[in-house]
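Here's the structure, in structure tokens; my notes come after.
The numbers here are math on the coordinates, done by the rules we state, and not lab data. Because the structure is a prediction, the values reported are computed rather than measured. Cβ placement follows ideal geometry from the backbone for every residue including glycine, while neighbour counts extend to all protein chains displayed.
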Amino acid sequence: MSLLIKNIIRFVLFILIQVYILSQVPPLHQFITPYLYFLFILWLPFTISRTALLFLGFCLGITLDYFLGVPGLHAAPCVLIAYLRPFLINLLISQEGTELNYAEPSIKSMGFTPYSLYVLVFTFVHHFYLVLIEWMHFGTFLYFLGKVTATTGVSLILIFITEMLFFRKQQFRTNTG
Amino acid sequence: MKNIFIFIRRYFNFLFFMTLQIICIILLVKNSDTYGATYANIANEITGRINTQYNTVHNFFNLRENNLQLQAENTRLKNLLGSNFETTDTTFIKHIDSVMTDTLGKQRKYLWLPAKVVNNTISQQYNYMTIHRGSNQGVKKDMAVISSTGIAGTIIDVSENYCRAMSLLHRNSKVSSMLKKSQIPGSVEWDGKDPYYLTLRKIPKSTPVAKGDSVVTSNYSANFPPNMMIGIVSEITKDPGSNDFIIQIKTSTNFYTLEYVNIVENLQLEEQRRLEAVKVKNE
């Protein structure tokens, strides 16, 4: 399957899952809302240009926002992580030239520890910024801290489960190929 | 001039990032009051259509509960048919409009329209519901949304076939309400924490309140008919900073299973608004 079609399908699936399953889940607690959709941005190929990355992040966020009825709330954190992504990838795998050998970030292409760090950092950044925007309108500081931590924790568990359920096969691309 | 172009080319990604961020914030801020743009309508129409598809599947699983609810509501309505009419002062009637009044000289004030909820959120801080009934079917802004067990929200946005309502579970939602027993008016809000509980404010501390008292919409509420159920008092705390109680009430509407609602139009609302907008002359 071509990379483009694969990512279009992913986009639709992530939005539908987020809107119709994760946002419909009765809240376990006032602090916890599970989020998974931003994994789409983390899974985009290494080779994508930074402008396209930003644009895709914005599209993903604004689509979700129109389903949930709050334009701009999710788009802002999505654009932020799309902007930061190339920096962290360079930091994590600068020496090995992995981006030449594999198509997209995954446990196999980056190694378990760098990939976990990559996911952890972006989950945290996404939730921190999202809750910060929510918090500007209302809320106490305790609410802010609690919600960031709890939501990050739950999202990480979800991402971990997703990675185990849908193990993405990555082809090793050689130069001769 | 050349330097400016070099600067823009060099920092293009950063500038693009900042532009997108600013767009997001502007959207968010503009949205926090009401939607003004027609472009919200278009998005509403499209997402509404997808939601209808999803709903046809989702509804199937709730059929049994809904049938029971509908039956209970029908029975209740049959017992209460006269309650939507209001007696007007008949002493000085000049002419009688045969459509607006019935034979007893009562004038219709509230018109109830059936509608179906196609999308509804509960886990956000600003919750909305999308309802499959729009301007073509006679929905206007500011109409009330009432479920079979209690009130549910207010219409804020209308397109041709869909409308969007601000749920009671919304940070900006305020409904004029009163304690059924003592008829003391207050205001029902939501604190954004638990979708089962609302907060009733502005009830003075001298009012007798007990757990289990009913809270209903007040006689002053413009768009809701009076005496519609909102919820039941579950916890009473005294606000140390003012003369008022802060009362937690358990909603009588179950927002999790909201599906069939009524949209209620106050036929005299425009007249009332028009009268209230006129400046008082002797001030």
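Per-structure values
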quantity	calculated
C-alpha long axis of helix B:12-31 to longest principal axis of chain B, angle in °	10 degrees
Anisotropy class of chain A from Cα gyration tensor, a/c 1.5 cut	prolate
Max mean-square fluctuation residue, GNM over chain A, Cα-Cα springs under 10 Å, options A:Tyr20, A:Tyr35, A:Tyr115	A:Tyr20
Degrees between helix A:141-165 axis and first principal axis of chain A (Cα, 0 to 90, nearest 10)	40 degrees
Amide H partners (placed H, <5 Å) of B:Ser177, local residues excluded	B:Gly186, B:Ser187, B:Val188, B:Ser218
Residue among A:Pro34, A:Pro86, A:Pro77 with the largest mean-square fluctuation in a Gaussian network model of chain A, springs linking Cα atoms under 10 Å	A:Pro86
Cα-based Lys pair tally, region B:169-230, threshold under 18 Å, eight or more apart or on separate chains	9
Anisotropy class of region B:194-283 from Cα gyration tensor, a/c 1.5 cut	oblate
Integer Hz, Karplus 6.51/-1.76/1.60 couplings in order for region A:113-126, x for Gly and Pro	5, x, 5, 4, 4, 4, 5, 4, 4, 6, 4, 5, 4, 4
On Cα atoms only, tilt of A:50-68 relative to the major axis of chain A in degrees	40 degrees
Shielding score for A:73-84, defined as the mean number of other chain Cβ atoms within 10 Å	4
Long-range amide H partners of B:Ser147 with built H, under 5 Å	B:Ala152, B:Asn262
Whole-Hz couplings from phi, Karplus 6.51/-1.76/1.60, listed for region B:232-239; x for Gly and Pro	10, 4, 10, 8, 10, 10, 8, 7
Cα gyration tensor shape for region B:236-283, rounded if a/c is under 1.5, else prolate or oblate	oblate
Positive-end residue, chain B charge dipole about Cα centroid, Cβ charges, pick of B:Tyr196, B:Pro240, B:Asn66	B:Pro240
For a label point 7 Å along the Cα-to-beta-carbon line of B:Ala72, residues of region B:189-233 with backbone N under 16 Å	B:229-232
Estimated dipole of chain A in Debye, rounded to 20 [Cβ of Lys and Arg +1, of Asp and Glu -1, Cα centre]	300 debye
Using a Förster distance of 45 Å, the FRET efficiency for B:Glu235-B:Arg49 (Cβ separation, nearest 0.05)	0.60
HN-Hα J in Hz across region B:195-212 - Karplus 6.51, -1.76, 1.60, θ = phi - 60°, x for Gly and Pro	x, 8, 10, 10, 10, 10, 10, 6, 8, x, 5, 7, 6, x, 10, 9, 4, x
